[in-house]
Amino acid sequence: MARFVAETWHKMSFKVKENLLQLLNDFLKQNVTNLEVLNLHLMRRVITGNLSYENVWLSQELLNIYEEHKEWVEGANRQPFLLLLVVITLLRTIPDHYRGGTIKHPDGTSPAINLTSLYNKECHLLISLMQRNFDRCSEIGRDFIRMLLPLSQYPEFQEFFTDLKTNISALTTKLSSFTEILYIETPKVLLQTIIPHEMEFWIRWMMKNVYCAPGVPVRKYQEMFNVCFPSHSLQCLFTRKNSSRAKRTTH
């Protein structure tokens, strides 16, 4: 099923996606095992900077699932990346939903989504996961701190940031300062999951087929890419991901 989602999600109708999320919830209620990779592909479908109804709906549905099955997310017998990806996904989506408002379905066939309510639930779950599992969250590395920083201005995170900066012993006994996390390189697999499937496909295609030569409309493809993926943070992440790959190749 994980491969099915990875390869065909963009072709599915909205109703099929609804049924698939319901099926995942039922699987978790029945304690079905080996669902981590399926969740990885679903979380990767949540696109940063995208406030379309379907994208916000997916954020909301996954949030509801992880709230209901928080013990499963935190379970020590799960693949280690699961908890880290849930935290990263929440870190990505919270800034998008901070301003509030309502997102309506284009056809009016599904209930509108209240961004303020979604934001509050996301904050509550994220803070809970980080406080209870800070040592594991620190394994995300320097990108954990980088993604946390924009949240420091939000009232919901003031207490957490106070502990992080001045009383880190309230969160962990393994670290003496949050700056130690900055020396931990974010694992490649986590960086890759932040980038949507479609964005990676576009880049791979352009690198293979678009090159600087007479008659090749390079700027046209660049503009098309910017229209499809307007999120500046996503483009920066992709650049950093490939820069780190280039450094390893050079060395």
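Brief remarks on what is shown
- Inter-label distance for Phe201 and Met1, nm, one decimal - labels placed 7 Å from Cα along Cα-to-Cβ: 2.2
- Net charge dipole, segment 111-230: roughly 360 debye, given to the nearest 20, about the Cα centre with Cβ charges of +1 for Lys and Arg and -1 for Asp and Glu.
- Here the chain has an Rg and Dmax of 19.1, 61 Å, counting Cα atoms alone.
- Pairs of lysine residues in segment 159-231 - Cα separation under 28 Å, sequence separation of 8 or more or cross-chain: 5
- Between Val210 and Ser169, the modelled label-to-label distance comes to 5.4 nm, taking each label 7 Å out from Cα in the direction of the beta carbon.
- Summary of the geometry: segment 1-75 and segment 124-157, compared by the centres of their Cα atoms, lie 22 Å apart.
- Packing rank of 118-126, 55-63, 27-35, where each peptide gets the mean count of other beta carbons within 10 Å, highest leading: 55-63, 118-126, 27-35
- Between the listed residues Leu126, His97, Thr166, the Cα displaced farthest toward the positive end of the dipole of segment 25-176, a dipole computed from Cβ unit charges relative to the Cα centre, is found at Thr166.
- Cross-link pairs exceeding 18 Å between alpha carbons, from the set Lys17/Lys70; Lys70/Lys121; Lys29/Lys70: Lys17/Lys70.
- Spacing of the modelled spin labels on Thr33 and Glu18, each 7 Å from Cα toward Cβ, amounts to 3.4 nm.
- Residue exposure proxy: Ile181, Ile195, ordered by other Cβ atoms within 10 angstrom of their Cβ from fewest to most, comes out as Ile195, Ile181.
- Rounded to whole Hz, the Karplus (6.51, -1.76, 1.60) HN-Hα couplings of segment 14-28, x for glycine and proline: 4, 5, 5, 5, 4, 5, 5, 5, 5, 5, 4, 4, 5, 4, 5
Each value in this text was obtained by applying a stated rule to the coordinates, not by laboratory testing. Bear in mind the structure is a predicted one, so any value in this text is a computation, not a measurement. Cβ atoms come from the backbone with ideal geometry, glycine included; neighbour counts cover every protein chain shown.
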